[in-house]
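Asker: Below: one structure in structure tokens.
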There are 2 protein chains.
Amino acid sequence: MTVASRAILIVEDEPQLRRMLRTLLELENFRVVEAENAERGLAAARSHKPDLLIVDLGLPDRDGTELIQEVRAWSRVPIIVLSARTDEANKVGALEAGADDYITKPFGARELRARLQVALRHATSSAAAGSALRIGDWHIDLKARSARAGDGRELHLTPTEYRLLEVLAQHIGLVVTHRALLTQVWGPGSAQQTQYLRVYMKQLRGKLEPDPARPRWLLTDTGVGYRLALRD
Amino acid sequence: MTVASRAILIVEDEPQLRRMLRTLLELENFRVVEAENAERGLAAARSHKPDLLIVDLGLPDRDGTELIQEVRAWSRVPIIVLSARTDEANKVGALEAGADDYITKPFGARELRARLQVALRHATSSAAAGSALRIGDWHIDLKARSARAGDGRELHLTPTEYRLLEVLAQHIGLVVTHRALLTQVWGPGSAQQTQYLRVYMKQLRGKLEPDPARPRWLLTDTGVGYRLALRD
DNA sequence: CGGTATCTTTACGACATTTTAATGCCGTGC
DNA sequence: GCACGGCATTAAAATGTCGTAAAGATACCG
């Protein structure tokens, strides 16, 4: 299984904005939980233990800042505030209550995405584990470039093997075309060299798959590309 | 909520804004270092090792985003970007390069203060710098620059050997790239001199490893860098 | 000034990784 | 059944990187 898909809780009363956020986040491969007021948001934060919260300040039942304080009483989960209010007092209040970032509406999708990455980067860097992958017995940390099994065995991957796995992991569960893999791993000029892929996929399977002849994680989509399977 | 005076580096070309920031930060009990362009900013970041960087994107000599990338090659110090540019591409570029926050001018003093606190909060929560190290029989105190074995034997390391070990220890368990090691140990102009690393790693292994030909602590990641293994 | 420790530079063999090439396999369509 | 395209597999060649030793340069200290 892979931990790549992380959960995000959206606390926002406007259904329209909520839907937009969900679409946006799901495109980025996050799991999404929604809550339409502070009360339910708090409950959802407790029960779902999401990896990040997106909170609107203007909620119908309580002020978003209060919600942040309550969550901070027991969790350090990253919190990003969305708000139409541009006045400084609100920003400062939310940030001092424990929010990690404050984005004013209207905002662009790319900015939100970038700020999400920053917030998650902080969370994972302090928890030591980077982007963790599990393939068979192997626990792979792409950022730390380390791979070990539960029993302590270590596995060595070469730079190209890491890059290839990284690209596949970025689109986990989805097919990545030959062309995309080649340009991202070997550079823009290498789009024709599909033999590289065969050689390296074989290498990776030999190292990672329990039975390399019957791949369970590194799958071939004939005529299209390769795909890293998503499993439990 | 004043913390033991921490240093902040301001990289900003407008003298007026620089003065304003200095005043503001000194009121908050920070020590302030200034640089008026990217080149000097990079040098100051290396020599002063500030606890946080405030960087303007519109610098006279180079783009601020480049500066961020260069600093990120060897350091995780929090970086806050100040910019008059409100367009999304700039924000996203800076954040993806490794900035932790992005504030658009004009901004209020209280907002800056709140965002500073957030950035520093992240840094301290993930800080875990112990200066004691154990490699094989050797107990090494990086701060005191001493190394002893259990039975009292002493080991002498040269200044460069200590610095190299220090950098590796700061990222214990993780690969440190050639570039990062060279810029931190030999200075920013030495990023190409990978032969230094080979020579000094051999020295260190000869002194620290029980069997220098089969390193157990000072490991090579061919084509990437070196890493100090994390054991027991 | 001479001696010692440290740092820099060079060269080459050993080793790791990437690239190239050749062969066999399997399914599809003719 | 046969030819073909796409993929898997293998091994060897080519390239790149590392470890090693040793000599030259520089700084340091009495």
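Asker: With a cut-off of at most 14 other beta carbons within 10 Å, and DSSP calling the residue loop, which trypsin sites (Lys or Arg not before Pro) in the stretch A:32-82 qualify? Please list them.
Answerer: Loop-located and lightly packed - A:Arg62.
Asker: Let me ask something additional. Would you mind telling me the antiparallel percentage of the DSSP bridges in the stretch B:62-215, rounded to 5?
Answerer: So the antiparallel bridges in the stretch B:62-215 amount to around 70 percent.
Asker: Shifting gears a bit: The stretch A:18-79 to the stretch A:174-232: how many Å between their Cα centroids?
Answerer: 37 Å
Asker: Sticking with this structure for a sec: 222 nm [θ] for chain B, helices only, -39500 (n - 2.57) per DSSP H run of 4+, per residue, to 500?
Answerer: -13000 deg cm²/dmol
Asker: Related question: Would you pull out the residues with amide H under 5 Å of A:Arg31's amide H, same chain only if 5 or more places away, H placed 1.01 Å from N?
Answerer: Counting only residues 5 or more places away or on other chains, the set is A:Arg6, A:Ala7, A:Ile8.
Asker: Also, quick follow-up: Using a 7 Å offset from Cα along the direction of the beta-carbon, what are the separations from A:Arg134 to the same position in each other copy, nm, ascending?
Answerer: Ordered by increasing distance: 3.0 nm.
Asker: Average the reciprocal distances over every distinct pair of alpha-carbons in the stretch A:46-148, invert the result, and give the Kirkwood radius in Å.
Answerer: One over the average 1/r among Cα pairs gives 15.2 Å for the stretch A:46-148.
Asker: If the viscosity is 1.306 mPa s and the temperature 10 °C, what Stokes-Einstein diffusion coefficient in µm²/s follows for the protein assembly as shown when Rh is the Kirkwood radius over Cα pairs?
Answerer: D, rounded to a whole number, is 65 µm²/s.
Asker: Going through the stretch A:30-108, which chymotrypsin sites (Phe, Trp or Tyr not before Pro) have at most 12 other Cβ atoms within 10 Å and a DSSP loop state?
Answerer: Hits after loop and neighbour filter: A:Trp74.
Asker: Quick one: with label points 7 Å out along Cα→Cβ, list the inter-copy distances for B:Ala89 in nm, shortest first?
Answerer: Copy-to-copy label distances for B:Ala89: 3.9 nm.
Asker: Which distances, shortest first and in nm, link B:Ile172 to the matching position in the other copies, using label points set 7 Å out along Cα to C-beta?
Answerer: For B:Ile172, the inter-copy label distances come out at 2.8 nm.
Asker: Divide the volume of the convex hull of the Cα atoms of the stretch A:134-232 by its number of residues and quote the answer in cubic angstrom per residue.
Answerer: 95 Å³
Asker: Let me ask another. Can you report the principal axis dimensions of the stretch A:74-206 using only the alpha carbons, biggest first, rounded to whole angstrom?
Answerer: 59, 40, 21
Asker: Which links in A:Lys143/A:Lys207; A:Lys143/B:Lys202; A:Lys91/B:Lys49; A:Lys91/B:Lys91; A:Lys143/B:Lys143 stretch past 22 Å when you go from one Cα to the other?
Answerer: Table pairs above 22 Å Cα-Cα are A:Lys143/B:Lys202; A:Lys91/B:Lys49; A:Lys143/B:Lys143.
Asker: Just to confirm the filter: which trypsin sites (Lys or Arg not before Pro) across the stretch B:153-232 are DSSP coil and have at most 11 other Cβ within 10 angstrom of their Cβ?
Answerer: Sites meeting the loop and neighbour criteria: B:Arg153, B:Arg231.
Asker: For chain B, what is the Kirkwood hydrodynamic radius in Å, using each pair of distinct C-alpha atoms?
Answerer: 19.4 Å
Asker: With θ taken as phi - 60° and the coefficients 6.51, -1.76 and 1.60, list the Karplus ³J(HN,Hα) couplings across the stretch B:148-164 in order, rounded to whole Hz; mark glycine and proline as x.
Answerer: 9, 9, x, 7, x, 4, 10, 10, 9, 10, 7, x, 5, 4, 5, 4, 4
Asker: Sticking with this structure for a sec: Once you wrap a convex hull around the alpha carbon atoms of the stretch A:176-232, what is its projected area averaged over all directions, in nm²?
Answerer: 4.0 nm²
Asker: Of all DSSP beta bridges located in the protein assembly as shown, what percent are antiparallel, nearest 5?
Answerer: Antiparallel: roughly 50 percent of the beta bridges in the protein assembly as shown.
Quick note: the coordinates plus some simple rules give every number you see, no bench work behind them. Quick caveat: nothing in here was measured; it's all calculated off a predicted structure. Counting neighbours? That spans all protein chains shown, and the Cβs are built from the backbone with ideal geometry, glycine included.
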